1. Considering the options C:ILE108, C:TYR315, C:GLN276, tell which one lies farthest towards the positive end of the dipole of the stretch C:47-367, charges being +1 on Lys and Arg and -1 on Asp and Glu at the Cβ, about the Cα centre.
2. Going by average Cβ density within 10 Å per residue, which order do the peptides B:137-144, B:240-247 take, highest to lowest?
3. Semi-axes of the stretch B:142-205's equivalent ellipsoid from the Cα gyration tensor, sqrt of 5 times each eigenvalue, largest first, rounded to whole Å?
4. Using a 7 Å offset from the Cα along the Cα-to-Cβ direction at both C:GLU289 and B:ALA45, what is the distance between the two label points in nm, to one decimal?
5. Step by step: find N for the stretch B:89-393, compute 2.2 N^0.38 Å, then divide the Cα radius of gyration by it. What's the final number?
6. Taking every residue in A:57-64, how many Cβ atoms of other protein chains lie within 10 Å of its Cβ, on average?
7. Please list, in order, the residues from the stretch B:96-132 whose amide nitrogen is less than 13 Å from a point placed 7 Å along the Cα→Cβ vector of A:ASN30.
8. How big is the stretch C:47-367 on each of its three principal axes, counting only the C-alpha atoms and giving the largest first in Å?
Amino acid sequence: MITDTGIVIAFYVIGASTVVSALMVAAVRNLIHAVLFLVITFTGVAGIYIVLSADFVAMAQVLIYAGAISVLLVFAVMLTPTGDRRNAETSFQAPALVLAGLLLAVVVFVIYDTDWRIASRGQFTTTASSLGRAFFSPYVVPFEVASVLLVAAMVGAIILTQDEDEEAGHAA
Amino acid sequence: MTPRPLTLITDNWYDIRDLSNLSGKIEELIRDANGPHWAVWVVSALLGAIGIVAFIGGVAIINIWIERRVVGRMQSRLGPNRLGPFGLLQPLADAIKLMQKEVLQPKAADGLVFSIAPIAFTVPGIVIMAVLPWGRNMSLARLDVGILFILAMSSLGALAVFTGGYGSNNKYALFGAMRVIAMLVTYEIPSVLALLGLVLFSGTMDLADMVLFQEKFWIPLVLVQPLPFLIYFISSSAELNRTPADLAEAESEIAGGYHVEYSGMKFGLFYAAELINAVAISAIIATVFLGGWWFYKLDELVPGWMIFIGKIYAVYFLFVWTRGTLPRFRIDQLLAFAWKWMTPMAFANIIVVAAEVLIWDETGASAGLVLPLYIAFNMLFAGVLIVAWVRFMGPRFSRFPDRLRYFDRIDVPSLPAMRAPAPAAAAPKSGSGAPARSASEGGGDLRGGRLVGGPRP
Amino acid sequence: MPIKSEPVEVNIGPQHPSTHGVFRMVAMIDGERITDVKMIVGYLHRSMEKLAEERTYTQNIPFTDRMDYLAAMTSNLGYCLSVEKLAGIDVPERAQVLRVIFAELQRIASHCMATGAFINDCGAWQTPVMYTFRDREKVLDLFEMTCGARITTNYMRIGGVAFDVPDEFLPALDMLINDDLPFRFEEYDQLLVGNEIILMRARDVGVVSPEMAINASLSGPMLRSAGIAWDLRKADPYSGYDQYTFEIPVGYNGDSYDRMVIRIEEMKQSLRIIRQAVHILPGGPHKTEVPLAIRPPAGEAYSRVESPKGEVGFYVVSDGGAAPYRWHVRAPSLINLSVLKEMTVGQTIADAIVTLGSIDINVGEVDR
Amino acid sequence: MPHAATVMLAGATVAERIRAAVPDAVREVAPQWVVLEPSAAFEAMAAVRDDELLDGKYLVELCSVDQITRIDVVYHIASLAQNHLFELKVPADHEHPEVPSVTPLWVGATLQEREVYDLMGVRFPGHPELTRLFLWDSFPGHPLRKDFLALPGGQKAGLSQFPKQIVGETGGEFRPRRPGTGE
């Protein structure tokens, strides 16, 4: 259990700002603003990881989500024609709400259903090396499967975005 | 995160060789006085923050002067030399001028985004300073994942540049923003891979431990890992927007790029942050490649943080040098360079390093035997890769007689229009045919910029 | 999955670091690629051709300085030649040699500026400009020594030159052309000609085919880069250019890189000419006595010289009065711009800037 | 062999060649130049450009002279291959000057014809984009004409001094030309 007053304060501050900016992502009209709020959300989540003294995960969170994923989102937004950037009256609103509600229900159920045990061992001293050992000895198969999946996704994305005319032009 | 036991070099708090003595003393005082335990954290954090911010303030001021003087010398001029001794007060005057200037904001700009960008751009450079080992015990925040932290923070800076470019609502600024995003995606990969090789070799992601590794084996890692040094230097100069790759501001193309609409102190922040980021990246290179505060036995005589700062400025000089020397790449050339050269080379390097580490671990050979071998092999490897790449994958120009022709006379029929017509287009290169055809080839050939043969004055 | 993109209209200029004056290029840009270019000039239009009709022939000489203010001497020379042709004035031998010396010095100065600015357009951080300016300054010092002005020299006169050179001029010139500049040009060769980044940036960028070069009336380094050996100093020698030994460098590819190398080589050839000119510099008067308000007989004359930018032609029509009836300037900077669209469409912005830099326009001459 | 100098072709020589190609194009032959009929000027120019002897591939310059009763458009055409130069003139009516554009023959004429149109008011039918080059669209009159002594209607120089609506050829208030819109 977290007992330190300072850490509790930090947890609530970071948590509040994360939740608020996550709400703003859905609320703001400007897509670029939404992406920027998303960056704040990601950084806030990283802050929560730090509070939980999972520093490796926190840094990976910032590096991958705030640094890379958000950049991809920026790319996606910039490649969208200006006219299509409205996210106000989209027909996906109702399904998205339903989906979000279901997801919330699942998460809440999991939270309540899990038997939260207080870790018997002390704090992680070096999370990076423990993570590395975990990845490469007990969880090596899921790890490798995930990387294969990512490679497949990357190849698929490349094939999807390749212009057919361009391809024909190269062949000619 | 987790406080480490303080091991002081000496017990004297006034020993300037390690400024952590002073803060350690203060912490001891608080502990002795039975102060609240969080006070130790707060006080040490405050002390470190004050130190780093003071250093950064000085850096931002002095680097303007250094950069302008050094580039001035490179450009065969003096640089600022009027205000104060050697023009040292010039940056202060500039700062005062920038503060006095009105901060203009375009009417159609995205107000909040426009205002937040310079601040967001400044923060990562400052935060990076916190994890650097300034001396043997002088890390404000000694992270196990220091290198990851650095990479994460430097990727945020590019996002801030994008924010500024987008918020300005200016076409040039948007070009700069798009370029910086494209460059971020491209250059993140080789720079991460380059540092990954170091992490593999030294077996730690903690910056202080990396310095200790170099101290232990008495070797700066740049010798063992020359290729990652080149890759990281190039890709970080792209991340820093410095000249061979300053595409995001590209003065001569997009007129300043992302900060074209900024004025007053907002521009000043961008300007200062650029210098701070340059120093931060120089500090990273100094730490992981050049051995940080360690320099053979010198760190027992001279304060380690002074050696560290000296190394920072040595690397910083390299950045200024390339800025003063090289023209700019085009964006597609730069991205192609990253994808087609730096990324494959970085992967190749990781394979080599992994093999080397494995061999070292398995054989258990002594460092004195293994390291010189590795140095020789890695240098050779880097050289061969670079030369091979230039030979086989270097740019090909479609028509490349890289020389000029010289004509010392233009001969024509003596009575034009009264003579038989010239045969049309004898040589395909010369439109009207005749001049190139009838002129005698004299002089010499220009090959590689040198005149070979031919009568010269 | 095609990605739709919207073309964006971008103004490059009139206030832009790389347009070298108030020149405006309106580019339609798709991504970073230019799909259409319009050039808009006239911000510096001073209507010199109209003003000249109100002034005497001698009073018009300063206008020619202000046209191509980077190559005032050659413009001066072209104009004086046209009036001399119209009025049938002979120029003394010494004046002719002096004219050649100053025209070639001016070529060095102008090419220094063009090369430095071109590399600056390639993205170098001011360093090449500073280097070439250092050498240009030395040439301008010689101008100042002789006629008191550095940029707008107003040195040539109808029938000769305004002043004879001072005593200290020839030693200074000797030092410049024998000690200083050859070393500097070697330095340019080493720094610029083989530079990989410049090769990548300028090779095959802004290509003009020889057919296009002739059809578009290009002149100067633009024409020569396309592989056409044409230099008025050889083809139509004036001021005794036929007595000097020199070569005209001609490129193969018609790209920006060729133009840069041609300019560097032309500077070396100019040095050769100056050395020979100093050697044969005769004594005698520096000027034929010509009435200040000269009244050439009615008629017209077209005379042209090879300025650093290309062929500067002066078409002067006289009605027998003290002022020209019509005075027209064939401005190479303007005419070299006629292929701007062909050269830049399909390129990226960065390439377009390099191309524009390699054309080496002078807005004072474009607009007149 | 001495260095060749550019030969200025005599008008008669040029006229002879033009007459051979386009019989009734020559209006007048002067010692130094040839005056062409405006109606047949384009054909004559095309003939000059493609003629084997004249070889006028290179349009050196194009300008105009206000001769009070008429406006002459002057062409200096050169052959780089044979190194000669000759001069053609096409007279145009002073009130409504119109000369066929030679842009299809020489790309180099594009900007020069725009300049002539701008400053002298000669229209060039066949020019792809005949707009003012130096002055703005609503500038009153064409300043290089001899009868342009001052700005009409007591206007003073300076952009702000011009009225918004000017009765000119193009009219309208000053605005920068927009590409692609034909304005």
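1. C:TYR315
2. Details: B:137-144: 20.4, B:240-247: 24.2.
My ranking of the peptides, most packed first, is B:240-247, B:137-144.
3. Values: eigenvalues 188, 30, 4 Å².
After diagonalising the Cα gyration tensor, the semi-axes are 31, 12, 4 Å.
4. That separation, rounded to one decimal, is 9.5 nm.
5. Numbers: Rg = 20.3 Å, N = 305, 2.2 N^0.38 = 19.3 Å.
Expressed relative to 2.2 N^0.38 Å, the Cα Rg reads 1.05.
6. Values: counts 1, 6, 12, 4, 1, 7, 12, 2.
The shielding value for this peptide is 6.
7. Output list for this probe position: B:106-117.
8. 56, 42, 30
Rule-based calculations on the coordinates, nothing more; no lab input. Quick caveat: nothing in here was measured; it's all calculated off a predicted structure. Glycine also receives a Cβ, built like all others from the backbone with ideal geometry; neighbour counts cover every protein chain displayed.
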